[in-house]
4 protein chains.
Amino acid sequence: MGPGFDDLTRRLIEFRDARDWRQFHGLKNLMLSLNLEAAELLELAQWKSDDEIETAAADPGFRDRLAEECADVLLYLLLICERAGIDLEAAAAAKIERNAVKYPVDKARGNARKYTEL
Amino acid sequence: MGPGFDDLTRRLIEFRDARDWRQFHGLKNLMLSLNLEAAELLELAQWKSDDEIETAAADPGFRDRLAEECADVLLYLLLICERAGIDLEAAAAAKIERNAVKYPVDKARGNARKYTEL
Amino acid sequence: MGPGFDDLTRRLIEFRDARDWRQFHGLKNLMLSLNLEAAELLELAQWKSDDEIETAAADPGFRDRLAEECADVLLYLLLICERAGIDLEAAAAAKIERNAVKYPVDKARGNARKYTEL
Amino acid sequence: MGPGFDDLTRRLIEFRDARDWRQFHGLKNLMLSLNLEAAELLELAQWKSDDEIETAAADPGFRDRLAEECADVLLYLLLICERAGIDLEAAAAAKIERNAVKYPVDKARGNARKYTEL
């Protein structure tokens, strides 16, 4: 069992407040920063074919870099949700439910079309 | 208590497999898609000043849109980690620890400089 | 008078072909790379307020970094257009025309609403 | 012969000023908006393999959408450079020169490694 959303958020806020960084963490800056971390994650795929990146992910060193970039994205997500008063877990669970309605199994099965084109 | 990382991942994989979508979910496509969702989140800040977005986040309708975009980013993060065999919770906890070392309280307090410039 | 679109493209293709890099420059990789360069440009605004970045742009050193990141984005744009057979200049001129229709002066004047909300 | 950088910029500024939009076009907002347009361009590659997108680009309808997204990126680039006093053409020409030094033909030929790893 990992620390879970609430405990990760608590640790993160403790980290932030010990450095007096709340003043920099306006929502716009956090959303912008999340995009930069997402780009750093994507950079690991640059110049690699679809297959090459699957192969690379089997290498522990590459997987560690992948894990670190994923962690960075998650940390900004938690900061945004704490700032805006969003329950991220509940929002994610609700989104899976909505997607299940938008993409009915019988129509979506085996194709990658957007729900507006189903 | 929310569903937690493991349970969200389980529901998501169930959703994916019922639609036979694993074939589309190569790592590169997932990383690319996560970037698109991050951009949709950022779009909510477009043409808004720092203050305007804080004010907007007090509005339940805007907060719902924010929550939905955050959820989309999280769902792709979970799909990537499942695919690559990454323990996202552990990676995030470890990253908070590493950041605490990189940004010592006495040097980082109250300034937004990158750790390489501290 | 600068070199213009055609001459910049010609120099860029000469650069690419001398290194035998056309093989790496598939459209998907170029589009992904353009996004990474756009993020590097955006990174220059991270943790800066709207005002701070305007002030920073008055500094020649900062403006040089800005110029270099803008150049990187343009170079990928030219590579994409060369690859896909797109006349970028004509496309940009046409887009300004279309925007003029989408945003009529009398309705758009002084507000930042999207054309769908005018 | 197309309109060139200067003339495109002139038309764009005329468009902007007729709508009194300079007030919204702070550098940070323009840089953020450029990233959103880059993401819209990338979205055209979502769920497509490397090969599928090359094939799609042979289709005039798809190429038109590609051209429009490329145009959007260029227009923001021109707005940023006008705002910051950057000569984009000169910056791009200079960057090609610098890249030629960073990636010597004999070392870079046929491989996609970053210059720091050559």
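The values are calculated or read from the model by the stated rules, or taken from the named source; none is laboratory data. All figures in this text were calculated on a predicted structure; none of them were measured in a lab. Every residue, glycine as well, gets a Cβ built from its backbone with ideal geometry; the counts of neighbours run over all protein chains shown. Heads up: the accessible areas ignore ligands, DNA and RNA and are worked out on the full protein's heavy atoms, side chains in. Shrake-Rupley method; radii C 1.70, N 1.55, O 1.52, S 1.80 Å.
Please report, as a whole percent, how much of the solvent-accessible surface of the protein assembly as shown comes from carbon and sulfur atoms (probe radius 1.4 Å).
47 percent
Express in Å², to the nearest 10, the accessible area of C:T116 obtained by rolling a 1.4 Å probe over the protein heavy atoms while all chains stay in place.
Using a 1.4 Å probe on the heavy atoms, I get roughly 100 Å².
Would you please give the FRET efficiency between A:R63 and C:Q23, computed as 1/(1 + (r/R0)^6) with r the Cβ-Cβ distance and R0 = 30 Å, to the nearest 0.05?
After rounding, the FRET efficiency stands at 0.65.
Any chance you could list the semi-axes, whole Å, largest first, of the equivalent ellipsoid that the Cα gyration tensor gives for the range B:21-88, using √(5λ)?
Calculated on Cα positions only, the semi-axes equal 29, 11, 9 Å.
Strictly over 27 Å apart at the Cα level, which of A:K107/B:K28; B:K107/D:K114; D:K48/D:K107; A:K95/B:K28; B:K114/D:K28 would you flag in this model?
B:K107/D:K114; D:K48/D:K107
To the nearest 20 debye, what is the magnitude of the charge dipole of the protein assembly as shown about its Cα centre, counting +1 on the Cβ of each Lys and Arg and -1 on the Cβ of each Asp and Glu?
Value, rounded to 20: 0 debye.
Nothing charged except the Cβ atoms of Lys and Arg (+1) and of Asp and Glu (-1): what's the magnitude of the dipole of the range D:31-93 about its Cα centre? Round to the nearest 20 debye.
Approximately 200 debye in magnitude.
For a label point 7 angstrom out from the Cα of B:R10 toward its Cβ, which stretches of the range B:79-118 have the backbone nitrogen within less than 13 Å?
Backbone N within reach: none found.
Need one value for A:49-56: mean number of C-beta atoms belonging to other chains within 10 Å of its residues' C-beta atoms.
Going residue by residue through A:49-56 and averaging, the value is 4.
In degrees from 0 to 90, rounded to the nearest 10, what is the angle of the helix A:4-18 Cα long axis to the longest principal axis of chain A?
That works out to roughly 40 degrees.
At A:L118, label 7 Å along Cα→Cβ: distances to the other copies, nm, ascending?
Those label-point separations list as 3.5, 4.8, 5.0 nm.
Taking a probe of 1.4 angstrom, what is the accessible area of D:D20 in Å², to the nearest 10?
70 Å²
Output the relative contact order of chain C, whole-number percent, from Cα pairs under 8 angstrom with separation of 6+ residues.
Relative CO of chain C lands at 31 percent.
Relative to the Cα centre, what is the charge dipole magnitude of chain C, using +1 at the beta carbon of each Lys and Arg, -1 at the beta carbon of each Asp and Glu, and rounding to the nearest 20 debye?
Using only the charged Cβ atoms, the result is roughly 620 debye.
Once you list every other residue whose beta carbon is under 10 Å from the beta carbon of D:A100, what net charge do they have if Lys and Arg are +1 and Asp and Glu are -1?
Result for the local shell: +3.
Express the accessible area of the range C:1-81 per residue in Å², computed with a 1.4 Å probe while the remaining protein chains stay in the model.
Per-residue accessible area for the range C:1-81 comes out at 38 Å².
Quick one: give the max-minus-min coordinate of the C-alpha atoms of chain B along each principal axis, largest first, in Å.
Its Cα atoms span 50, 36, 32 Å along the three principal axes.
Work out Dmax and Rg for the protein assembly as shown from the C-alpha atoms and quote the Rg first, both in angstrom.
Here Rg and the maximum Cα pair distance are 22.2, 65 Å.
For the range D:1-103, with the dipole built from +1 on Lys and Arg beta-carbon atoms and -1 on Asp and Glu ones, taken about the Cα centre, which of D:A71, D:M31, D:A84 lies farthest toward the positive end?
D:A84
For A:3-13, what's the mean count of beta carbons from other chains sitting within 10 Å of each residue's beta carbon?
Partner-chain Cβ atoms within 10 Å, mean over residues of A:3-13: 4.
Taking trypsin sites (Lys or Arg not before Pro) that fall in a DSSP loop and have at most 16 other Cβ atoms within 10 Å as cut points, what is the longest piece of chain A between them?
Excluding the exposed sites themselves, the longest stretch runs over A:1-108.
Distances in nm, one decimal, shortest first, from D:E97 to the same residue in every other copy, taking the label point 7 angstrom along Cα→Cβ.
3.6, 5.0, 6.2
Let me know the mean shielding of D:57-64 by other chains, meaning the per-residue number of their Cβ atoms within 10 Å of its Cβ.
Mean partner-chain Cβ count within 10 Å for D:57-64: 2.
Given a 1.4 Å probe and no ligands, DNA or RNA in the count, how much accessible surface is buried by C and D, both sides, to the nearest 100 Å²?
Separately minus together, C and D give about 6000 Å² buried.
Given the -39500 (n - 2.57) contribution per DSSP H run of 4+ residues, what per-residue ellipticity at 222 nm results for chain D, rounded to the nearest 500 deg cm²/dmol?
Roughly -22500 deg cm²/dmol at 222 nm, from the helical runs in chain D.
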